[in-house]
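As structure tokens, the structure follows; a few thoughts come after it.
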Amino acid sequence: MKVHKIAVIAGDGIGPEVISEGVKVLKEVAKLDGSFDFEFTYFPWGCEYYKETGRMMAEDGIEQLKKFDAIFLGAVGAPDVPDHISLWDLLLVIRKSFDQYINLRPVKLLNGAPTPLKDVSPQDVDMIFVRENTEGEYAGSGSWLFKGKPNEVVIQDGVFSRKGCERVIRYAYELAKAQNKTLTSISKANALNYSMVFWDQIFAEVGKEYPEVKTYSYLVDAASMFMVKDPKRFEIVVTSNLFGDILTDLGAAIAGGMGLAAGANLNPERAFPSMFEPIHGSAPDIAGMEKANPLATVWSASQLLDFFGHTQWGERLISCIEEVLIEKKVLTPDLGGKAKTSEVGDEVVKKIRTTV
Ligand code: NAD
Ligand code: IPM
Ligand code: MN
């Protein structure tokens with residue numbers, strides 16, 4: 001039997017609450033299938049670990065994680081630890097060390113999910129964001145000169161390499177071609193006269209290899225307006241690290257909220273483990289209250305199943321989420337219900353059993 005070895009980093013705040021529902025669902029899938037299984041290994045890394053040890057993960061954390069087939073992550077961040085430390089020393093270091101250069105984030109309004117947009121149906125909100133995930137505005141390059149002095153200066157560089165831009169843009173073209181969808185690039189070359197001019201140039205260059213893919217190019221300000229006013233114009237979308245971060249929270253807002261927004265950090269070459277995580281944070285405002293919606297994490301679990309080739313199970317999980325949303329009997333407060341996090345997980349498990 002094939003055993004997928006999964007490193008679980010539940011992390012902070014609502015992370016452990018939602019991740020236990022994701023694990024519950026994956027265990028059920030393996031049990032029903034019978035031809036594969038998961039072996040989950042838990043790592044206690046995160047802000048509590050930092051407060052005890054001064055580190056967000058073990059010193060050889062990256063070495064330890066290398067041995068796994070995938071990482072399943074809850075959320076990272078706590079109000080009493082500076083965010084740039086907690087995120088850089090755990091989440092971002094994993095994305096970079098494992099060259100997870102594709103961040104795949106569906107922005108899809110499922111049947112039964114709420115949207116604040118008027119006269120919009122699920123067919124109108126059906127996008128996949130391909131976010132660059134290792135460089136760009138998140139390269140971590142810069143300096144802080146004359147710190148604390150009256151003449152202090154900070155410089156934060158954007159780093160756009162040819163290799164980095166080409167590979168994410170090519171991935172997006174391949175996806176658009178395979179799915180027979182349009183491809184939209186989102187950039188900002190009118191103001192960012194080096195990085196985004198370069199991005200647009202590479203989008204056009206790589207595009208020559210894909211004459212069958214219909215493309216659009218939008219400036220990020222206009223793109224955010226169109227996502228709200230006319231979301232159906234977007235199908236496959238490719239964009240930089242920071243723009244992708246911001247636009248996918250906007251995407252979450254129009255497609256059911258943060259509790260339904262999933263993401264996969266992929267190393268397509270499979271040289272390193274990929275990482276699956278809901279895109280929301282540790283939500284300190286609701287942590288420990290059993291109010292967190294675990295459906296985004298279940299959706300990320302579905303992306304994990306797809307990545308291992310169990311696509312029928314991946315699709316089935318999405319249908320189960322949709323059934324729960326349509327019935328509206330067992331939902332967390334963010335979706336207007338009264339159910340606890342674990343009750344929503346149990347309901348998904350019930351649906352998986354009945355649809356087999
Ligand atoms: P957040 O996503 O944690 O929360 C934003 C709002 O959405 C909050 O009102 C929260 O209650 C709600 N929300 C989020 N997930 C929800 C869910 N599953 N169910 C119901 N409601 C949900 O963003 P934030 O408040 O800006 O950040 C909190 C902390 O998380 C910060 O430390 C931040 O740096 C960190 N963060 C981590 C990640 C990650 O680990 N991937 C992502 C984003 C933010
Ligand atoms: C996300 C998060 C992270 C990001 C933060 C926590 C560093 O917002 O995964 O969307 O910006 O990538
Ligand atoms: Mn984000």
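The values are calculated or read from the model by the stated rules, or taken from the named source; none is laboratory data. Note that the structure is a prediction, hence the values are computed from the model and not measured. Virtual Cβ from ideal backbone geometry, glycine too; neighbours counted across all protein chains shown. Only protein heavy atoms, including side chains, enter the accessible area calculation; ligands, DNA and RNA are left aside. Shrake-Rupley method; radii C 1.70, N 1.55, O 1.52, S 1.80 Å.
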When the stretch 43-85 is checked residue by residue, the ones that are open to solvent by 60 Å² or more (accessible area, probe 1.4 Å), away from ligand 1 (no atom under 16 Å from the Cβ) and either among the hydrophobic types (A, V, I, L, M, F, W, C) or more than 23 Å from residue 103 (Cα to Cα) (or both) are 52, 53, 55, 59, 60
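Of all residues in the stretch 20-32, which are exposed (fewer than 15 other Cβ atoms within 10 Å of the Cβ) and charged (D, E, K, R)?
Once the filter is applied, which keeps residues that are exposed (fewer than 15 other Cβ atoms within 10 Å of the Cβ) and charged (D, E, K, R), the stretch 20-32 yields 27, 31.
Residues checked against (1) touching a His at 6+ places or on another chain (Cβ under 8 Å); (2) of a type in the set (Gly, Ala, Ser); (3) under 28 Å from residue 317 (Cα atoms):
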residue	(1), (2), (3)
27	no, no, yes
52	no, no, no
58	no, yes, no
76	no, no, yes
81	no, no, no
104	no, no, yes
Taking the stretch 336-356 and keeping only residues that are open to solvent by 30 Å² or more (accessible area, probe 1.4 Å) and either at pLDDT 95 or above or at positive phi (or both), one is left with 336, 338, 340, 342, 343, 346, 350, 353
Among 281, 345, the single one that is of a type in the set (Gly, Ala, Ser), touching a residue at least 60 places away in the same chain (Cβ under 8 Å) and over 21 Å from residue 38 (Cα atoms) is 281
Checked 17, 39 against criteria (surrounded by fewer than 20 Cβ atoms within 10 Å (Cβ to Cβ) and not in a loop (DSSP other than H, G, I, E, B)); the one match is 39
Across (1) within 21 Å of the chain's Cα centre (by Cα); (2) more than 16 Å from ligand 3 (Cβ to nearest atom); (3) assigned by TED's automatic domain parsing to the domain that holds residue 239, residue 155 clears everything bar (1)
Taking the stretch 294-306 and the residues there that are within 16 Å of ligand 3 (Cβ to nearest atom) and among the polar types (S, T, N, Q), the one that is surrounded by the fewest Cβ atoms within 10 Å (Cβ to Cβ) would be 300
Flagged pairs (Cβ under 9 angstrom, 6 or more apart or on separate chains; first in the stretch 243-263, among the small types (Gly, Ala, Ser); second within 11 Å of ligand 3 (Cβ to nearest atom) and assigned to a helix (DSSP H, G or I)) are 252/258; 259/252; 261/248; 261/249; 261/251; 261/252; 263/248
Checked 303, 312 against criteria (within 16 Å of ligand 2 (Cβ to nearest atom) and in a helix (DSSP H, G or I)); the one match is 303
Inside the stretch 144-192, the number of residues satisfying the requirement of being in a loop (DSSP other than H, G, I, E, B) and open to solvent by less than 90 Å² (accessible area, probe 1.4 Å) is 11
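Every residue, every condition in (1) touching a Ser or Thr at 6+ places or on another chain (Cβ under 7 Å); (2) of a type in the set (A, V, I, L, M); (3) surrounded by fewer than 16 Cβ atoms within 10 Å (Cβ to Cβ), yes or no:
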position	(1), (2), (3)
194	no, no, yes
213	no, yes, no
234	yes, no, no
263	yes, no, no
269	no, no, yes
285	no, no, yes
Scanning the stretch 84-93 for residues that are touching a residue at least 12 places away in the same chain (Cβ under 8 Å) and hydrophobic (A, V, I, L, M, F, W, C), the one nearest to residue 262 (Cα to Cα) turns out to be 91
Flagged in the stretch 86-142 as small (Gly, Ala, Ser), away from ligand 1 (no atom under 16 Å from the Cβ) and more than 19 Å from the chain's Cα centre (by Cα), in numbering order, are 112, 121, 141, 142
> Has the stretch 277-284 got any residue that is in contact with a strand residue (DSSP E or B) (Cβ under 6 Å, 6 or more places away or on another chain), among the β-branched types (Val, Ile, Thr), closer than 25 Å to residue 11 by Cα and not in a loop (DSSP other than H, G, I, E, B)?
Replying inline: no
Of those in the stretch 55-83 that are assigned to a loop (DSSP other than H, G, I, E, B) and in contact (Cβ under 8 Å) with a residue 60 or more places away in the chain, the residue nearest to residue 21 (Cα to Cα) is 76
Q. Would a scan of the stretch 209-220 turn up a residue that is of a type in the set (Val, Ile, Thr), under 30 Å from residue 293 (Cα atoms) and within 16 Å of ligand 3 (Cβ to nearest atom)?
A. yes
